[in-house]
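Novice: Before I ask anything, here is the structure I am working with.
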Amino acid sequence: MELRVLLIIAVSAIFLNNFVFSRVLGICPYIGVSGQMDSAIGMGMAVTFVLTLASIVAWLVYTFFLAPTTANLFYHLFALEKPPDLTFLNTIVFILVIATLVQFVEMVIQKTSPSLYKSLGIYLPLITTNCAVLGVALLNVAAGYRFIESIVHGFTAGIGFTIALVLMAGIREKLELKDIPQSMRGTPIAFIMAGLIALAFLGFSGLKLM
Amino acid sequence: MSLLKEFSKGIYTQNPVFKQALGLCPLLAVSSTVSNGIGMGIAATFVLVCSNSIISLLRKVVPKKIRIPVYIVIIATFVTITDLTMAGFAPDLYARLGIFVPLIVVNCMILGRAEAFSGKNKLLPSIVDGLGMGLGFTLALFIISAIREILGNGTFFGIPLFGASYEPVLVMILPAGAFMTIGFLLGLFNWLENRKQNKKSAV
């Protein structure tokens, strides 16, 4: 049963609720970095990595510090009468944790693997203000996912984002050679292509998962 | 006089959406009806004006190296205030905007103004700059959501515009329609810009 639930989360995060085409999250880097295939793959990998990590960390912080359940550490630490409800701090705490995490990951990668840093490093600072990362943390909380479900959701959302980026980069590399009206070149035509791909992805909404 | 310039630049010459391509995620996601668009615009403007003024007041205190985290915390504070206020007083709108209210934190327009303007300027110009940019953003949201609502739903602010025989273009209220609308609008603004420059060079 458990595996089935995870599979449903995975398929829906990649195709049905694709972060770019259906939830419309992370558009700025999507349009900004999809010009070339190499950078699209690098950015996709970096986003997948950070989304997974952010899901893990946000789940831990939420469950043990913010949520009004008996698992809340403040409840035990201060021997409170009932679990404290700190969920109004969600936004501030999540964005701080994510910003710190990205900075930390960047430093670790720089020290341990210079080659990986060379391919991912320049994209990491951009990711802090990528709304997909804060979005995945908030969506996990809103959906009430448990630990493993959160990780799977974060990871597959990243895969979905990567697929969207790579599809787009492939098309945009071809578009470079085409005769497009002067004013539509660059970002405008990229948006129209994204709209057409989103239409195609709409076809997945016919999938029956349950 | 210069204050007026700070205010008006956000509306057309440096419009955050059409000229700088900032803050696109909320723009695409919540522009399916005009009331959603205006609601989002007002919320973002409120956060922008408040964070701009606090950042401007603190500009000499905040060390250069940690300015970005400080800005983010200030912005997140105002976003939380907006979030709770909307949940309390406009629950319908709050439910429709969903996670895009807390996501105002990562709207690059707001952090962009902190970095480019209010971190370097006095209080009054910063407030005026925030108001102008916020208004420009709201205006962009209004244009896009009006196009999408009229074509996709046949209504404007929920009021039916056409007779019963009107077939709504369903795709316009889906994310795909949002991408295409903004693509064509950006193209239109580029075209206007190009035409202006061509005229100049012809003279």
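The values are calculated or read from the model by the stated rules, or taken from the named source; none is laboratory data. Please read these numbers as outputs of a predicted model, since none were measured by experiment. Here the Cβ positions follow ideal geometry from the backbone for every residue, glycine too, while neighbour counts run over all protein chains shown.
Novice: Could you tell me whether the range A:163-185 includes any residue that is free of Cβ contacts under 8 Å to residues at least 24 places away in the same chain, within 21 Å of the chain's Cα centre (by Cα) and assigned to a helix (DSSP H, G or I)?
Specialist: no
Novice: Now a separate question. Would you say A:THR91 is over 19 Å from the mean Cα position of the chain (by Cα) and within 13 Å of chain B (Cβ to nearest Cβ)?
Specialist: So A:THR91 does not fit the description; no.
Novice: Being at pLDDT below 90, in contact with a Ser or Thr (Cβ under 7 Å, 6 or more places away or on another chain) and more than 8 Å from every other protein chain (Cβ to nearest Cβ) narrows it down to one residue among A:VAL102, A:VAL108, A:VAL97, A:VAL136; which is it?
Specialist: A:VAL102
Novice: Something else about it: Which one is surrounded by the fewest Cβ atoms within 10 Å (Cβ to Cβ), of the residues in the range A:1-15 that are more than 18 Å from A:LEU51 (Cβ to Cβ) and of a type outside the set (D, E, K, R)?
Specialist: It comes out as A:MET1.
Novice: Could you look through the range A:67-79, keep only residues that are under 27 Å from the mean Cα position of the chain (by Cα) and surrounded by 14 or more Cβ atoms within 10 Å (Cβ to Cβ), and pick out the one that is modelled with the highest pLDDT?
Specialist: Looking at the filtered set, the residue picked out is A:ALA67.
Novice: Looking only at the range A:32-45, count how many residues are within 18 Å of B:LEU22 (Cβ to Cβ) and buried (at least 24 other Cβ atoms within 10 Å of the Cβ).
Specialist: Going through the range A:32-45 one residue at a time, the tally reaches 1.
Novice: Every residue in the range B:185-199 that is at the interface with chain A (Cβ under 7 Å from one of its Cβ atoms) and without any contact (Cβ under 8 Å) to a residue 60 or more places away in the chain, please.
Specialist: Within the range B:185-199, B:GLY187, B:ASN190, B:TRP191, B:ASN194 qualify.
Novice: Test B:MET40 against the criterion of being within 14 Å of another protein chain (Cβ to nearest Cβ), modelled with pLDDT of 85 or more and under 18 Å from B:ILE144 (Cβ atoms), and give yes or no.
Specialist: yes
Novice: Follow-up question, since we're still on this one. Of everything in the range B:1-53 that's outside any helix (DSSP H, G or I) and free of Cβ contacts under 8 Å to residues at least 24 places away in the same chain, which residue is nearest to A:ASN18 (Cα to Cα)?
Specialist: For the range B:1-53, the residue satisfying everything is B:THR13.
Novice: It is to be established whether one or more residues within the range A:46-66 are buried (at least 17 other Cβ atoms within 10 Å of the Cβ), away from chain B (no Cβ under 14 Å) and not in a helix (DSSP H, G or I).
Specialist: So far as the range A:46-66 goes, no, none of its residues is buried (at least 17 other Cβ atoms within 10 Å of the Cβ), away from chain B (no Cβ under 14 Å) and not in a helix (DSSP H, G or I).
Novice: From the list A:SER39, A:SER34, which residue is more than 20 Å from A:LEU134 (Cα to Cα) and touching a Phe, Trp or Tyr at 6+ places or on another chain (Cβ under 9 Å)?
Specialist: A:SER39
Novice: Another one. If I ask for residues that are more than 10 Å from chain A (Cβ to nearest Cβ) and assigned to a helix (DSSP H, G or I), which ones from the range B:146-171 would you list?
Specialist: Selection gives B:ALA146, B:ILE147, B:ARG148, B:GLU149, B:ILE150, B:LEU151, B:GLY152, B:ASN153, B:LEU170.
Novice: A follow-up question, please. Would you mind stating whether B:MET109 is among the aliphatic types (A, V, I, L, M), assigned to a helix (DSSP H, G or I) and within 14 Å of another protein chain (Cβ to nearest Cβ)?
Specialist: yes
Novice: Name the residues in the range A:131-148 that are surrounded by fewer than 19 Cβ atoms within 10 Å (Cβ to Cβ) and assigned to a helix (DSSP H, G or I), would you?
Specialist: A:ALA142, A:ALA143, A:PHE147, A:ILE148
Novice: Residue by residue through the range B:139-172, note down the ones that are over 18 Å from the mean Cα position of the chain (by Cα) and either among the small types (Gly, Ala, Ser) or within 19 Å of A:PRO188 (Cα to Cα) (or both).
Specialist: Selection gives B:GLY152, B:GLY154, B:GLY158, B:GLY163, B:ALA164, B:SER165, B:VAL171, B:MET172.
Novice: Looking only at residues that are more than 13 Å from chain A (Cβ to nearest Cβ) and in contact with a Ser or Thr (Cβ under 7 Å, 6 or more places away or on another chain) in the range B:44-58, which one is surrounded by the fewest Cβ atoms within 10 Å (Cβ to Cβ)?
Specialist: Selected residue: B:SER53.
Novice: Now for a different question. Which ones in the range A:1-37 are in a helix (DSSP H, G or I), modelled with pLDDT of 85 or more, among the small types (Gly, Ala, Ser) and closer than 21 Å to B:ALA178 by Cβ?
Specialist: Listed by number, the residues that qualify are A:SER12, A:ALA13.
Novice: While we're on this one: If you take the residues of the range B:59-85 that are more than 19 Å from B:GLY130 (Cβ to Cβ) and of a type in the set (A, V, I, L, M), which of them is nearest to the other protein chains (Cβ to nearest Cβ)?
Specialist: Among them, the one singled out is B:LEU84.
Novice: Count, please, the residues in the range A:67-81 that happen to be touching a Ser or Thr at 6+ places or on another chain (Cβ under 9 Å), part of a loop (DSSP other than H, G, I, E, B) and of a type outside the set (A, V, I, L, M, F, W, C).
Specialist: Within the range A:67-81, residues that are touching a Ser or Thr at 6+ places or on another chain (Cβ under 9 Å), part of a loop (DSSP other than H, G, I, E, B) and of a type outside the set (A, V, I, L, M, F, W, C) number 3.
Novice: Tell me whether the range A:160-167 contains one or more residues that are within 12 Å of chain B (Cβ to nearest Cβ) and on the phi > 0 side of the Ramachandran plot.
Specialist: Within the range A:160-167 (the criterion being within 12 Å of chain B (Cβ to nearest Cβ) and on the phi > 0 side of the Ramachandran plot), the answer is no, since none of the residues qualifies.
Novice: Name the single residue that is nearest to the other protein chains (Cβ to nearest Cβ) among those in the range B:19-37 being within 17 Å of B:ASP129 (Cα to Cα) and surrounded by fewer than 23 Cβ atoms within 10 Å (Cβ to Cβ).
Specialist: Only one residue tops the list, namely B:LEU22.
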